[in-house]
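A short write-up of the structure that comes next.
The values are calculated or read from the model by the stated rules, or taken from the named source; none is laboratory data. Note that the structure is predicted; figures quoted are calculated from it, not measured. Heads up, the Cβs are rebuilt from the backbone with ideal geometry, glycines too, and the neighbour counts pull from every protein chain shown. Just so you know, the surface numbers come from the protein's heavy atoms only, side chains and all, with ligands and any DNA or RNA stripped out. Shrake-Rupley method; radii C 1.70, N 1.55, O 1.52, S 1.80 Å.
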Amino acid sequence: MQLQDRNELENNHLIDVNNLPTFSMSETTTKLNKPILKKGDTGEAVEELQKLLRYWDIYYDVIDGIFSEYVEWSVKAYQHRVFLEEDGIVGSLTWKALYSGAPPVPPIPVLSRGSTGKYVRMVQKTLSLHGYYSFDIDGDFGAITEVAVRKFQLDMALTQDGVVGPRTWHALSKLYH
């Protein structure tokens, strides 16, 4: 099949982004009525998943409704992008992130000075990769991490409060990490 023919065929399977459900970034209780999907599943829900992954520029194969190993890899890559557990299973949090294009807060916590743990390390690592933070990735949200977050927020035209809330998580998810 020639590239032009394949592109025309694939364009018939693009997701209609004008009809995506929308969520406010503060919305935490909305549940999509979507099945849990994993490798080996087939059907319309898998096609929808493939279209969403393609929309977010993660999936490049055919839209065939088969949850293959490549679909699983794509799901894990998207889960990484939005700071979710990279298990390759599409549950409610992954569906919500796929429709919103952002990490679901909660369970991703709001971070500020005094926060500690793996999510602080994720923020420090991401900021470090992009030149905002050049100190130990220690999981301790202190003054230096706060300054790095404020600089990042300034560059992203966000409120410079030094708090990693929904909008800052969303901006961080758009960066390589």
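Under a 1.4 angstrom probe, counting protein chains only, how are Y176, Y132, Y60, Y55 ranked by accessible area, largest first? Mind showing how you got there, number by number?
Values: Y176 165, Y132 50, Y60 120, Y55 100 Å².
Heavy-atom accessible area, descending, gives Y176, Y60, Y55, Y132.
For the pair Y176 and D41, a Förster radius of 35 Å applied to the C-beta separation gives a FRET efficiency near 0.75, rounded to the nearest 0.05. Converting phi to 3J(HN,Hα) with the Karplus coefficients 6.51, -1.76 and 1.60 and the offset θ = phi - 60°, region 141-146 yields 7, x, 4, 5, 5, 4 Hz in sequence order, with x at every glycine or proline.
Name the residue from H130, V149, L93 whose Cα lies farthest towards the positive end of the charge dipole of region 60-176, charges +1 on Cβ of Lys and Arg and -1 on Cβ of Asp and Glu. Among H130, V149, L93, the one farthest towards the positive end of the dipole of region 60-176 is V149.
How high is the relative contact order of region 38-177? Use alpha-carbon pairs under 8 Å, at least six apart in sequence, and give a whole percent.
Numbers: 191 pairs, mean separation 28.5, N = 140.
Relative contact order, region 38-177: 20 percent.
For E72, the solvent-accessible surface with a 1.4 Å probe is about 40 Å², rounded to the nearest 10.
Placing +1 on the Cβ of every Lys and Arg and -1 on the Cβ of every Asp and Glu, with nothing else charged, gives region 30-69 a dipole about its Cα centre of roughly 260 debye. Label sites at D161 and R113, each approximated as a point 7 angstrom past Cα along Cα to Cβ, lie 1.5 nm apart. Applying a threshold of 20 Å to the alpha-carbon distances of K38/K174; K76/K96; K34/K76; K39/K118; K51/K96 flags K38/K174; K39/K118 as lying beyond it. For region 42-125, the normalised intensity computed at q = 0.12, 0.14 Å⁻¹ comes to -0.38, -0.49 (log10 of I(q)/I(0), Debye sum over alpha carbons, equal scatterers, no solvent). Simple spin-label estimate for Y60 and H130 gives 2.3 nm between the two label positions (7 Å along the Cα-to-Cβ direction from each Cα).
In this structure S128 has an accessible area near 50 Å², from a 1.4 Å probe over the protein heavy atoms. Here the scattering of region 28-177 is modelled by Debye summation over its C-alpha atoms, one equal scatterer each and no solvent; at q = 0.09, 0.20 Å⁻¹ the log10 of I(q)/I(0) is -0.31, -1.12. Solvent-accessible surface (1.4 Å probe) assigned to R113 amounts to roughly 140 Å². Ordered by solvent-accessible area of protein heavy atoms (1.4 Å probe), largest first, the residues W56, W95 come out as W56, W95.
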